[in-house]
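Note sheet for the following structure.
Rule-based calculations on the coordinates, nothing more; no lab input. This structure is a prediction, so every number in the text was calculated from the model and none was measured. Cβ coordinates were reconstructed from backbone atoms using ideal geometry, including for glycine residues, and neighbour counts include every protein chain displayed.
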Amino acid sequence: MLVNAKEMLVKAKAGKYAVGQFNINNLEWTKAVLETAQELSSPVILGVSAGAGKYMCGFKTVAAMVDAMVDSLGITVPVALHLDHGTYEDCYKCIEAGFSSIMFDGSHYPIEENIAKTKELVDVCAQKGLSLEAEVGAIGGEEDGVVGMGECANPDECKMIADLGVTMLAAGIGNIHGKYPANWAGLSFETLDAIQQKTGDMPLVLHGGTGIPADMIKKAISLGVAKINVNTECQIAFTAAVRKYIEEGKDLQGKGFDPRKLLAPGTQAIKDTVKEKMELFGSVNKA
Ligand SMILES: [Zn+2]
């Protein structure tokens, strides 16, 4: 059964570790993340972006697949199914589809409008028992032409959004989606510290977890980060493993063309990456 992310994140923040959000793209991805969480007895959040939702034939299909898989695989660790960077409209679609958690990304709206829409969704999620992530201060990406520092959120604005009653708060602290540029200035711990001081117990979310050095991850957790999003790193690991399979000519040997055989090394690579992250984040045996 799916749960919302509230309890796992409150525990993580209090226990000074972080729960990983691993974005899923297909059945193999979902299975790899769920099996690893179960093997390591770790809580887990499955992230679904609008693009991935569309690719998997819509949020309803995703929710049905995840729900059935949790049951079929006998998964007993807490699993939340979470919309990643949701638009206002997609938030409602996911609530309807049976997600247990949503992110409303209103960071591109003026702060007043972000507050109004977030507040409305706080009330809806409270009624339906979902957890809600809000975002303040846009998180950059290399494709946006952002180099060096990502954006840093205003701690006072973070407090305004946190006070609305959201479950978790994503705030830009110089983090970036995708691969980090060589001249990246690193996370702004000064900003993170200021945000945590203003928002108290609020679990903070670190987006763009791929390529942030382990010592920075640990420091971020010590300053209140309780959820870390991982996406690109699993994609790179998956594709490299499938590439190796083909480059070694294994698809041409025997029944190596069987898609279950072709995708097996990629699936294993996701499992290895997820394990490494759960160990780094400290969520192993915290289910
Ligand atoms: Zn993100």
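Which three numbers, in whole Å and largest first, are the semi-axes of the equivalent ellipsoid of segment 6-281 derived from its Cα gyration tensor as √(5λ)?
The equivalent ellipsoid of segment 6-281 has semi-axes of 31, 22, 17 Å.
What is the Cα centroid distance between segment 100-138 and segment 201-230, reported in whole angstrom?
That distance is 20 Å.
Let me have the 222 nm mean residue ellipticity of the chain computed from DSSP H runs of 4+ only, each contributing -39500 (n - 2.57), with the sum over all residues rounded to the nearest 500.
-15000 deg cm²/dmol
By how many nm would the segment from Ser222 to Ile111 lengthen if fully extended, with 0.36 nm per residue of separation less the alpha-carbon distance?
Here the answer is 37.2 nm.
By how many degrees, between 0 and 90 and to the nearest 10, does the Cα long axis of helix 59-72 differ from the longest principal axis of the chain?
60
Taking θ as phi - 60°, what are the ³J(HN,Hα) couplings along segment 175-185 by the Karplus curve (6.51, -1.76, 1.60), each to the nearest whole Hz, with x for Gly and Pro?
Those phi angles translate into 7, 9, 6, x, 6, 7, x, 4, 9, 4, 7 Hz.
Counting other C-beta atoms within 10 Å, which of Val10, Val33, Val48 has the fewest, and how do the rest follow?
Going from least to most buried by this count: Val10, Val33, Val48.
How far is it, in nm, from the label point at Leu262 to the one at Glu247 when both lie 7 Å from their Cα along the line to the Cβ?
If labels sit at Leu262 and Glu247, their model points lie 1.8 nm apart.
With +1 on each Lys and Arg Cβ and -1 on each Asp and Glu Cβ, and nothing else charged, work out how big the dipole of segment 6-281 is about its Cα centre, in Debye to the nearest 20.
800
Whose amide H sits under 5 Å from the amide H of Ala138, counting only residues 5 or more places off or on another chain, with H placed in the peptide plane?
none
Order of Trp29, Trp184 from fewest to most other C-beta atoms within 10 Å?
So the residues, fewest neighbours to most, are Trp184, Trp29.
Kindly provide the trypsin sites (Lys or Arg not before Pro) of segment 233-270 that DSSP labels as loop, not H, G, I, E or B, and whose Cβ sees at most 14 other Cβ atoms within 10 Å.
Filter output for segment 233-270: Lys255.
Compute the long axis of helix 232-247 from its Cα atoms, compare it with the longest principal axis of the Cα atoms of the chain, and write down the angle in degrees, 0 to 90, nearest 10.
For 232-247 against the chain, the angle is about 10 degrees.
Under the rule of at least 5 residues apart or a separate chain, name every residue whose amide H is placed under 5 Å from the amide H of Ser283.
Ala18
Among the trypsin sites (Lys or Arg not before Pro) within segment 1-58, which fall in a DSSP loop and have no more than 14 other Cβ atoms within 10 Å of their own Cβ?
Lys16
Could you work out how far helix 111-128 tilts from the main Cα principal axis of the chain, as a 0 to 90 degree angle to the nearest 10?
Compared with the principal axis, the helix lies near 60 degrees.
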